[in-house]
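The structure appears below as structure tokens.
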Amino acid sequence: MRASYKLYTVFVLACIVCMLVLFGLGFSGCAAAPPAHVTPPGQLVDHTITLHWNQSFVNNPGCSASVTTSCISGFNEGYIDTTGKQQQLHTDTSAVCTGTTQPEACSSVFTGLLPIGLVPAYVATTYFDQTGAAGVTAAATSPPMQVGADVATNVTFTIAP
């Protein structure tokens, strides 16, 4: 009699688990996926990014059709992720720098995907050395900037009698 009671208990528990699984999968209220317009956690959000920095061309000019060695070719721009790795978002030529005094002011505006949280930006200078081989300097970084989630827009409120 005791063995049949254990078998009956296991059978009932198995039935309950099956019902919970089947009903849970059938109802939208159970573990529903977020709506398509919501950015799931851990995903990146598209932002307009503006970077400003200074670059000296005293020792090495910007590259051009006539200057192809020992010159600054441009810049890699992006952010530093939480592991310390550079995530490149954009590149520019040295033409983004303007001015007659050194260092020249440089700026770039582009869109890119950024994580939510404190995010430092970086700019690394690209160049061609005296043999014409391409290279890149260590990154210059900005202080971290808080990147927030996009704010809700077009909110309406109605009350029915």
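Listing for the model above:
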{"quantity": "Hits in segment 79-120 (condition: of a type in the set (Val, Ile, Thr) and either touching a helix residue (DSSP H, G or I) at 6+ places or on another chain (Cβ under 9 Å) or outside any strand (DSSP E or B) (or both))", "calculated": "Thr82, Thr83, Val96, Thr100, Thr101, Ile116"}
{"quantity": "Flag if Thr126 is closer than 19 Å to His52 by Cβ, touching a residue at least 12 places away in the same chain (Cβ under 8 Å), hydroxyl-bearing (Ser, Thr, Tyr) and in contact with a Gly (Cβ under 6 Å, 6 or more places away or on another chain)", "calculated": "yes"}
{"quantity": "Test: residue in segment 139-147 that is aliphatic (A, V, I, L, M), within 30 Å of Thr68 (Cβ to Cβ) and assigned to a loop (DSSP other than H, G, I, E, B)", "calculated": "yes"}
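Quick grid of which residues meet (1) touching a strand residue (DSSP E or B) at 6+ places or on another chain (Cβ under 6 Å); (2) β-branched (Val, Ile, Thr); (3) surrounded by 18 or more Cβ atoms within 10 Å (Cβ to Cβ):
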{"position": "Lys85", "(1), (2), (3)": "no, no, no"}
{"position": "Gly99", "(1), (2), (3)": "yes, no, no"}
{"position": "Cys106", "(1), (2), (3)": "yes, no, yes"}
{"position": "Ile116", "(1), (2), (3)": "yes, yes, no"}
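Bear in mind these aren't lab numbers, they're just calculated from the coordinates by the rules spelled out. This structure is a prediction, so every number in the text was calculated from the model and none was measured. Cβ atoms come from the backbone with ideal geometry, glycine included; neighbour counts cover every protein chain shown.
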